[in-house]
Amino acid sequence: MNTAQNPLSSGFGARTTAAEAVAGIDLTGKLAIVTGGYSGLGIETVAALVGAGATVIVPARRPEVARDALDARGLAAVEVAALDLADLDSVRSFAEDFLATDRSIDILIDNAAIMASPELRVGPGWESQFATNHLGHYVLANLLWSALKRDGGARVIALSSTGHKLSAIRFDDPQFETGYDKWLAYGQAKTADSLFAIRLDALGAPFGVRAFAVHPGGIMTELQRHLPREEMIASGWMTEDGTVNDRFKTPEQGAATSVWAATSPQLEGKGGVYLEDCDIAEPTAAGTPEARVRGVDAHAIDPADAARPWALSAELTGVDAFAG
């Protein structure tokens, strides 16, 4: 049964850092995989996990860039491997190589993403944001299923965002074949990420695998690389002189909810919920000034609805660890 979407009063908040979220927790002997863990939120997530004693693997589309970035942060012990989430052959290759090492996974954090990108088709013509942010991570988790359920289970963290509020899953046209909108495409992908966590938790809980959707908050990182400065100013994200809106978090703060979700004993026995600010988020309070930036919309957490995008993902990719 999915955990109720009720805050826990965790004692943390929007300005908690990743290091604070994991303080006092010993991850020695634990193995974590963090996609995109070499920039922005990802590298802060990795630093916090390593600081707590975890062994961390960073799959990266640009392994040489990842290695340089991690070394520059003093994270030379982090393993780096090649993985392009938009290329399912690459995902399969990474999964096969990892499984050949005969190790279990304690934490899988689906951190890598693209946002509001120009229209681009990948694979057999899939819309790139849906393919990269969702389908690649869906396939990765399914192919790594045997390592996730091994030794008592793992926590899987899927990074969603308030972008989910922009669009539910467009089952009639998930690939935007009839007209592309970069923000609706991003919103659909983030809804898909959340529903992936809801469904994986329902399927995985009997095996000890629990999954969480995470909204990290607004943070200025490389995620904004496709956005013109003028658009960010018009949206109120920054002023004309480049001063970032106070509501934005630092990368260290933005990584905190992922780290808390992956490690907190407060979430023991729980799963299948959407988290923000190091706590379980409340359902969106419709009609309030905060409705666009806080809480989770019903379409992103409904357990009954979560089975449908899972089935769609299985049909598109031909991968489903739970088939049959």
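Of all residues being of a type in the set (D, E, K, R) and outside any strand (DSSP E or B) in the stretch 255-299, which is farthest from the chain's Cα centre (by Cα)? Just the residue, please. Restricting to residues being of a type in the set (D, E, K, R) and outside any strand (DSSP E or B), the top hit is E290.
Is it true that some residue in the stretch 182-190 is out of contact with any helix residue (DSSP H, G or I) (no Cβ under 6 Å at 6 or more places or on another chain) and in contact (Cβ under 8 Å) with a residue 60 or more places away in the chain? Yes: the stretch 182-190 contains one or more residues that are out of contact with any helix residue (DSSP H, G or I) (no Cβ under 6 Å at 6 or more places or on another chain) and in contact (Cβ under 8 Å) with a residue 60 or more places away in the chain. Criterion first (among the basic types (K, R), under 30 Å from V296 (Cβ atoms) and touching a residue at least 60 places away in the same chain (Cβ under 8 Å)) does R61 satisfy it? No: the conditions fail for R61.
All conditions in (1) out of contact with any Phe, Trp or Tyr (no Cβ under 7 Å at 6 or more places or on another chain); (2) within 18 Å of L267 (Cβ to Cβ) hold for A21, with the sole exception of (1). Among the residues of the stretch 284-324, those identified as over 13 Å from L200 (Cβ atoms), touching a residue at least 40 places away in the same chain (Cβ under 8 Å) and of a type outside the set (A, V, I, L, M) are T284, R292, R294, D297, H299, D302, D305, R308, T317.
Entry remark, the stretch 91-123: residues being touching a residue at least 12 places away in the same chain (Cβ under 8 Å), out of contact with any strand residue (DSSP E or B) (no Cβ under 9 Å at 6 or more places or on another chain), in a loop (DSSP other than H, G, I, E, B) and not β-branched (V, I, T) number 5 in total.
Within the option set A23, A48, A32, A66, being part of a loop (DSSP other than H, G, I, E, B), of a type outside the set (K, R) and either on the phi < 0 side of the Ramachandran plot or crowded, with 16+ Cβ neighbours inside 10 Å (or both) holds for one residue only, A23. Scanning the stretch 130-164 for residues that are assigned to a helix (DSSP H, G or I), surrounded by 19 or more Cβ atoms within 10 Å (Cβ to Cβ) and at pLDDT below 95 turns up T162, G163.
Taken over the stretch 276-298, residues that are under 25 Å from A262 (Cβ atoms) and of a type outside the set (S, T, N, Q) amount to 13.
Go through the stretch 72-106 and give me each residue that's more than 23 Å from F130 (Cα to Cα), under 21 Å from the mean Cα position of the chain (by Cα) and of a type in the set (A, V, I, L, M, F, W, C). Correct list: V78, V80, F98, I105.
Conditions tested, residue by residue: (1) closer than 14 Å to I107 by Cβ; (2) within 19 Å of the chain's Cα centre (by Cα).
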| residue | (1), (2) |
| --- | --- |
| A32 | yes, yes |
| Y38 | no, yes |
| L49 | yes, yes |
| G53 | yes, no |
| V58 | yes, yes |
| R61 | no, yes |
| V65 | no, no |
| L70 | no, no |
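Among the residues here, A77 qualifies as in contact (Cβ under 8 Å) with a residue 12 or more places away in the chain, surrounded by fewer than 17 Cβ atoms within 10 Å (Cβ to Cβ) and either closer than 17 Å to A154 by Cα or of a type outside the set (S, T, Y) (or both).
Scanning the stretch 285-313 for residues that are touching a Ser or Thr at 6+ places or on another chain (Cβ under 9 Å) and of a type in the set (D, E, K, R) yields E290, R292, R294, D297. Hey, can you tell me all the residues within the stretch 190-205 that are closer than 15 Å to T132 by Cα, out of contact with any strand residue (DSSP E or B) (no Cβ under 8 Å at 6 or more places or on another chain) and of a type in the set (A, V, I, L, M, F, W, C)? Once the filter is applied, which keeps residues that are closer than 15 Å to T132 by Cα, out of contact with any strand residue (DSSP E or B) (no Cβ under 8 Å at 6 or more places or on another chain) and of a type in the set (A, V, I, L, M, F, W, C), the stretch 190-205 yields only A192. Can you tell me which of G254, G272, G295 is under 19 Å from A158 (Cα atoms), modelled with pLDDT of 85 or more, touching a Leu at 6+ places or on another chain (Cβ under 7 Å) and not basic (K, R)? On inspection, the qualifying residue turns out to be G254.
The values are calculated or read from the model by the stated rules, or taken from the named source; none is laboratory data. Computed from a predicted structure; not experimentally measured. Reconstructed Cβ throughout: ideal geometry from the backbone, glycine too, with neighbour counts over all protein chains shown.
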